Amino acid sequence: MEYVSSLTGFRFDGRRPNEMRQIRGEIGVLAKADGSALFEMGNTKVIAAVFGPREVQNKSQQIDNQALVRCEYSMANFSTGDRARKPKGDRNIISYSADHGSKYINTFDASFSGKNLKQIDIFLQVLQADGGTRSACINAATLALADAGIPMRDIVTSCSAGYLCSTPLLDLNYVEDSAGGPDVTVGLLVKMDKMTLLQVIALMPTFFFFCCCICFVLLFV
Amino acid sequence: MVGLSAGEKQFMHGGIAQDLRSDGRQRLQFRPISIQTGVIPQANGSARVTLGATVVIASIKAELGKPAPLRPDKGKVVIFIDCSPTAGTMFEGRGGEELSSELSVGLQRCLLGGKSGAEAGAGIDLSSLVLAEGKICWDLYIDGLVISSDGNLLDALAAAIKVCRFIFLVRFEISSPWQVALSNTGIPKVSVIVEASAEDQLEVNVSDEEFLQFDTSGVPVIVTLTKVGRHYIADATSEEESQMSSAVSVSVNRHGRVCGLTKRGGAGLDPSVMLDMISVAKHASENLIAVLDSEIAAAEAAEDDGS
Amino acid sequence: MKEILISLNQTQKVRLQAALQHLDELASQVSSANLAVTVADTIPVNNEDGILKGHGTTEFDGQVVATLCGIVERVNKLVYVRTLRARYKPEVGDIIVGRVIEIAPKRWRLEINFSQDAVLMLQSMNLPDGIQRRRTAVDELNMRSIFEENDVVCAEVRGFQHDGSLHLQARSQKYGKLERGQLLIIPAYLVKRRKQHFHHLEQYGVDLILGCNGFVWIGEHAEPIDSEVLEDRDKIPKDKHRDTPLEVRRNICRISNSVRLLSALGFALSVEAIVDTAEASKSSNVDIKDMLGAEFYVQTAEREVQRRASLLKKKRFV
């Protein structure tokens, strides 16, 4: 299948290879959460809710001199095109959310932890999955944390990229994502220019990894 | 979930007795309801319903399937509700499962008249879903998601389902082939050609230009009456629900017929009270249907303006 | 957010947008000096005069960087970021409303929308008999007769203890258990610190307590119980079963809906604004429940524009 038109150089949905989908963020979408955000990347739509900082609910989980950050990720049944039933306790998803949680701990302000031990819960709900859900989740969580007024050292942004038809493509949608080419998801601290997440599926030439990094810095500028 | 002090409880009970609830409503009044349709473009029909601080999303997807051997002339409907942890920390992990299955079963009873959905549905004409008897039919997957919870989830979910079904019927768009999955369309019309070969192999052509008309004139709404103290109230908030002794959910269709009934809560109800509640719910449902109709019209108008 | 919560028709939408835009313009005229930052923005400082980095700031590459979204505030050498939306940050002397969640030895734990539970010690409470004395073991056993779990309590922030926990006190007749009314929880930043947080709205017969932590109590007016006349304490329990009169209840609901409406619109809650809104609804014959509807929502936004515009005019005139 031809994912990039050889004639025009455009992709299926009319984007250029290094073009992102339209992004849209909205904060304060939920009345009951401390912070909440809705984030859209094209057709991918994620709601993030932040509860806390609050007293640690399960005292045995308390970590000294650190905030307890927990993260749960769930996908709505209607979020994917083929409505595959994914039970909540899916192991993939658990490790996925653990991954999210540990990543976020690192971005919290040191001043925030200290003596007052606290718990912060991040809940991510995918409403629509059209590729790049992981990136959208990270971006949504960042917005929700900012909305909740939780101090952060830096803004975490994320974007994915792939390699199809010998062209590096930025921000894959579902069709491109499922084409089986290599893809990479990167999370970046914008100000510090440091990477917090790097996930690579399938082998790929290293050069394009470089190019995708540069591209998504544009995201939050 | 919601803890109330004795003073607050007394205030609430007193208010219900005096027919003036804490947000100024009378016992049988609903909170303002707002509707947005087509929120999930990947589904065949979808809607978000906001009822006070309660926010739910419902989506309907249609997939081709095979009718159950015992009921070759009927399609299938599956209802599944999920409570998102974004609605509150009590739904994290497996915390929402109990409520989710309670809501799923409640909706199945009220809308389909049975748990399996295989019985002659009161709300949905299952035989209209069949394309070729015993061979191929539409399976409707109705998924609900509770985004934010402030009581009366069942009514909100039923309203959301009703609304997205409405869209289902009315909105037809013709899309180019690779956009099909991403546009808010009706069910594509399917022409079935039965092959002469032995194994009953079906060849299905999905046409993008024609759409199946889907009869939904009798889709019911649910009105839940919650008994607090000696009186019952409609559209209870989560604070009011925390004080309920029992609740009766009645699903009523446009013609004023009761399609299903569920009772929740521990306390018993006097049969005469129950009958009274059913007739009150029937009356309240007329208003609710009228409100939903006007909201749908408004949502449609807004969408038309936008496009 | 506002569009999701309330369904407006086309004209109402246009009116609301116009009103909100107007408010933005007015706000920008008033406070252009303050700088708004988001996370990771650099805060410009003059490095020569030793800056003190306050809340919501950190240092990165020799620059002062914000860790919160909000407004940069400067007090002498201190630079800090005031967040727009966050949980409550207690200050000593704040009047707060909280809900008891646990009774522990010699103390109650209260939920006050802070990042940790607040502690109200038995010794920082006035005992029901009003006598100043040592707390005995009997008092400790009788704690539940003062406050039970889930009770709504009004108290004052006493300060932070060495272990970082927040302590409260209720050493006055005006503090204590709140009954016959309802508690609303709104974002804490909408309640500004004022001299007076207890309001007795005499024309309504309603008590309004604007807790600094965003817990707002609206209840029937209760005369503070004088400690001297506590001999007839039996009178109070009898009184307990009396229902709130309908007229007072109407007023409570009207005031509550004003609070709900103003917080939904994101307007600061002052007693004047609340009473204003309630009066406006009364004078234009808006039903109590319709105060939360679309039409009154837009009207309130428009009225706020007028109020702020006239305030600005007055200021200029002076």
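The values are calculated or read from the model by the stated rules, or taken from the named source; none is laboratory data. Since this is a predicted model, take the numbers as computed values, not measurements. FYI the Cβ positions are ideal-geometry reconstructions off the backbone, even for glycines, and counts take in every protein chain you see.
Within the stretch C:92-105, how many residues are more than 14 Å from chain B (Cβ to nearest Cβ) and small (Gly, Ala, Ser)? Give the steps one after another, and end with the answer.
Of the stretch C:92-105, the ones more than 14 Å from chain B (Cβ to nearest Cβ) are C:92-96, C:104-105.
From what is left, the residues that are small (Gly, Ala, Ser) are C:93, C:104.
Summing the residues that are more than 14 Å from chain B (Cβ to nearest Cβ) and small (Gly, Ala, Ser) in the stretch C:92-105 gives 2.
In this structure, does C:Val97 turn out to be outside any loop (DSSP other than H, G, I, E, B), under 30 Å from C:Gly266 (Cα atoms) and either free of Cβ contacts under 8 Å to residues at least 24 places away in the same chain or not aromatic (Phe, Trp, Tyr) (or both)?
Working: outside any loop (DSSP other than H, G, I, E, B): yes; under 30 Å from C:Gly266 (Cα atoms): yes; either free of Cβ contacts under 8 Å to residues at least 24 places away in the same chain or not aromatic (Phe, Trp, Tyr) (or both): yes.
Yes; evaluated as a whole, the condition is true for this residue.
What number of residues within the stretch C:263-289 satisfy the criterion of being within 14 Å of chain B (Cβ to nearest Cβ) and touching a helix residue (DSSP H, G or I) at 6+ places or on another chain (Cβ under 6 Å)?
So the answer is 6.
Which strands (runs of 3 or more DSSP E) sit wholly inside the stretch C:1-85 and have at least 2 residues that are under 27 Å from the mean Cα position of the chain (by Cα) and modelled with pLDDT of 80 or more?
Here the list reads C:35-37, C:70-75, C:78-83.
For the stretch C:135-169, how many residues are without any contact (Cβ under 8 Å) to a residue 24 or more places away in the chain, more than 21 Å from C:Phe114 (Cβ to Cβ) and assigned to a loop (DSSP other than H, G, I, E, B)?
Here the count works out to 2.
Within the stretch A:134-147, is even one residue of a type in the set (Lys, Arg) and over 17 Å from A:Cys71 (Cα atoms)?
no
Would you check if A:Glu40 is outside any loop (DSSP other than H, G, I, E, B) and either acidic (Asp, Glu) or modelled with pLDDT under 85 (or both)? Reasoning before the result, please.
Numbers: outside any loop (DSSP other than H, G, I, E, B): yes; either acidic (Asp, Glu) or modelled with pLDDT under 85 (or both): yes.
So A:Glu40 fits the description; yes.
Listed residues A:Gly28, A:Gly42, A:Gly35, A:Gly9; which is touching a strand residue (DSSP E or B) at 6+ places or on another chain (Cβ under 7 Å) and on the phi > 0 side of the Ramachandran plot?
Residue meeting the stated conditions: A:Gly28.
Taking the stretch C:170-213 only, how many residues are within 22 Å of C:Met121 (Cα to Cα) and touching a helix residue (DSSP H, G or I) at 6+ places or on another chain (Cβ under 6 Å)?
Matching residues across the stretch C:170-213 total 2.
Suppose we filter C:Gln123, C:Gln132 for residues that are outside any loop (DSSP other than H, G, I, E, B), at pLDDT below 90 and over 30 Å from C:Asp41 (Cβ atoms); which single one remains? Quick ask: steps written out before the conclusion?
Details: C:Gln132 fails: outside any loop (DSSP other than H, G, I, E, B).
Just one listed residue meets the conditions, C:Gln123.
Do we find a residue being at pLDDT 90 or above, surrounded by fewer than 20 Cβ atoms within 10 Å (Cβ to Cβ) and of a type in the set (Ser, Thr, Tyr) anywhere in the stretch B:264-283?
yes
Each row is one residue, and each column tells you yes or no for (1) hydrophobic (A, V, I, L, M, F, W, C); (2) assigned to a loop (DSSP other than H, G, I, E, B); (3) surrounded by fewer than 20 Cβ atoms within 10 Å (Cβ to Cβ).
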site	(1), (2), (3)
C:Leu261	yes, no, no
C:Phe267	yes, yes, yes
C:Ser281	no, no, no
C:Asn285	no, yes, yes
C:Glu302	no, no, yes
C:Ser310	no, no, yes
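For C:Thr244, are the conditions met, namely being buried (at least 17 other Cβ atoms within 10 Å of the Cβ), at pLDDT below 90 and not aliphatic (A, V, I, L, M)?
When the stated conditions are applied, C:Thr244 passes them.
Could you please give the count of residues in the stretch B:47-76 that are hydrophobic (A, V, I, L, M, F, W, C) and out of contact with any helix residue (DSSP H, G or I) (no Cβ under 6 Å at 6 or more places or on another chain)?
Of the residues in that region, 7 qualify.
Has the stretch C:70-91 got at least one residue that is away from chain A (no Cβ under 11 Å), in contact with a strand residue (DSSP E or B) (Cβ under 8 Å, 6 or more places away or on another chain) and touching a residue at least 40 places away in the same chain (Cβ under 8 Å)?
Yes, the stretch C:70-91 contains a residue that is away from chain A (no Cβ under 11 Å), in contact with a strand residue (DSSP E or B) (Cβ under 8 Å, 6 or more places away or on another chain) and touching a residue at least 40 places away in the same chain (Cβ under 8 Å).
Can you find, within the stretch A:133-165, the residue that is surrounded by the fewest Cβ atoms within 10 Å (Cβ to Cβ) among those that are over 20 Å from A:Ile27 (Cα atoms) and touching a residue at least 60 places away in the same chain (Cβ under 8 Å)?
A:Cys165
Inspect the stretch B:88-103 for any residue being within 14 Å of chain C (Cβ to nearest Cβ) and more than 22 Å from B:Trp138 (Cα to Cα) and give the result as yes or no.
yes
If I filter the stretch C:169-185 down to residues being buried (at least 21 other Cβ atoms within 10 Å of the Cβ) and facing chain B (nearest Cβ under 7 Å), which single residue comes out as nearest to the chain's Cα centre (by Cα)?
The residue in question is C:Leu183.
If I ask for residues that are at pLDDT below 75 and among the charged types (D, E, K, R), which ones from the stretch B:97-132 would you list?
Those that are at pLDDT below 75 and among the charged types (D, E, K, R): B:Lys115, B:Glu119, B:Asp125.
Would you tally the residues in the stretch A:12-34 being assigned to a strand (DSSP E or B) and either hydrophobic (A, V, I, L, M, F, W, C) or at pLDDT 90 or above (or both)?
2
Restricting the stretch A:31-46 to residues that are under 15 Å from A:Phe123 (Cα atoms) and under 14 Å from the mean Cα position of the chain (by Cα), which is surrounded by the fewest Cβ atoms within 10 Å (Cβ to Cβ)?
It comes out as A:Leu38.
Of the residues B:Gly38, B:Gly75, B:Gly45, only one is within 18 Å of the chain's Cα centre (by Cα), of a type in the set (Gly, Ala, Ser), more than 7 Å from chain A (Cβ to nearest Cβ) and buried (at least 24 other Cβ atoms within 10 Å of the Cβ); which?
On the way: B:Gly38 fails: buried (at least 24 other Cβ atoms within 10 Å of the Cβ); B:Gly75 fails: within 18 Å of the chain's Cα centre (by Cα).
Checking each option against the conditions leaves just B:Gly45.
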